[in-house]
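One structure is given here, and the rest of the page talks about it.
The values are calculated or read from the model by the stated rules, or taken from the named source; none is laboratory data. Given the structure is predicted, the values throughout are model-derived calculations rather than measurements. Neighbour counts run over all protein chains shown; Cβ positions are idealised from the backbone, glycine included. When the accessible area is computed, the model is the full protein with side chains, heavy atoms only, and any ligands, DNA or RNA have been set aside. Shrake-Rupley method; radii C 1.70, N 1.55, O 1.52, S 1.80 Å.
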Amino acid sequence: MPDFTRWPSFPFEGDMRVKKLAPPVDVEPPRSGEDASECVSCSTHDDAYIWVSERWRVRAMDRPTGLPMVLILECRSHLDLGDLPNLLAAELGVMTVRLERAIRSLDGVARVHVNRWGDGSAHLHIWFLARPYGRLQLRGTFLSLWDDILPVIPEAQWRENLALVAAWLADFGGKANAEPAHIEWESPSILTVPTFTSTHEAAVPDTATDATEDATAGAAAGAAAGAAAETTTGAAADTATSAATATGATGVAAGAATDAATGAGTSAMKDGERDGAPDRLADDSPRPQTLGDVQAASAAAEADVRATADVRATEAARNTPRSAPAPRQPSDTPSADPSDAEASTNSRSS
């Protein structure tokens, strides 16, 4: 066996045999793409390359391999290395250095091997292979063999490396076609956002003010009914006075009911705010009545009570005879004649 089989970079070990050398042929077979009309490189669109310019293109393998990066530099013109004109020959040196620097800028790359074989395709193509940093066993001429032996790098890392090299080259001209791998975001199919009762949905009324207004309204209604009783006749006056008293009591009772309902609603609302209760419970059942519902029910009950008192007062006034004379009440009604008042005073004192 030759000495290179004992090199640390030799990929194989164990018993091996050297193949028998075949005799030379008289005429070598044509390479792939000898005719420009049949050249694969010439017929490939720019989208298959990671970077393109007016005279040069760079392509990668169709899938990740064991090395961090493997790229091929091609010229657009259907030429081999020895056929390049001076302009392209000069640019080849510039492109070689530029691409080597771009690959060496990647994380984890120690060296870049540049190779040109030219036995497979007639179209000029130069290989650039990145050797991983710290992998001393991969040094030397067997790096291309190790590329098929090493574990394949992740595709996301591979695509990111391609995008970085393309962007590096595009800084000096041309167009970058490679893009980094897209991030695959994972999100739930249904977004459930809990809703909470706002503390400002309904203004909390001032219970003390409402109670004062209800009591005042009841007193006013009682005073109005009392005045009406003075002008009506006997039994009608008594009935009207009773109705007025009932109306005043009704107003006070209604105010107290409103205060109680408002206090209950306010307490329930505060409990809901303190507990952070949602609009619907966990079993999808509706929440208890809100403050607005309690206020509406209280207003309806108050209107019913007042309407009932008005109807009773009207019926009592209608059933009382108007021809009955109103008896005088000495203790309540003052006399218009001073002598009567004096006689009344003397009778009280005696």
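Could you tally the net charge around residue 59, taking each other residue with its Cβ under 11 Å from the Cβ of residue 59, Lys/Arg +1 and Asp/Glu -1? Walk me through the intermediate numbers first.
Details: positive: 57; negative: 46, 47, 62, 74.
Spelling it out: positives minus negatives among the neighbours equals -3.
Would you pull out the residues with amide H under 5 Å of residue 65's amide H, same chain only if 5 or more places away, H placed 1.01 Å from N?
Result for residue 65 returns 153.
In square angstrom, rounded to the nearest 10, how much accessible surface does residue 172 have for a 1.4 Å probe?
120 Å²
Check each of the trypsin sites (Lys or Arg not before Pro) in the stretch 85-173 and keep only those in coil by DSSP with at most 14 other C-beta atoms within 10 angstrom; list them in order. Don't skip to the end; give the middle numbers.
Working: sites: 98, 101, 104, 111, 116, 135, 139, 159; in loops: 116, 135, 139.
The qualifying sites are 116.
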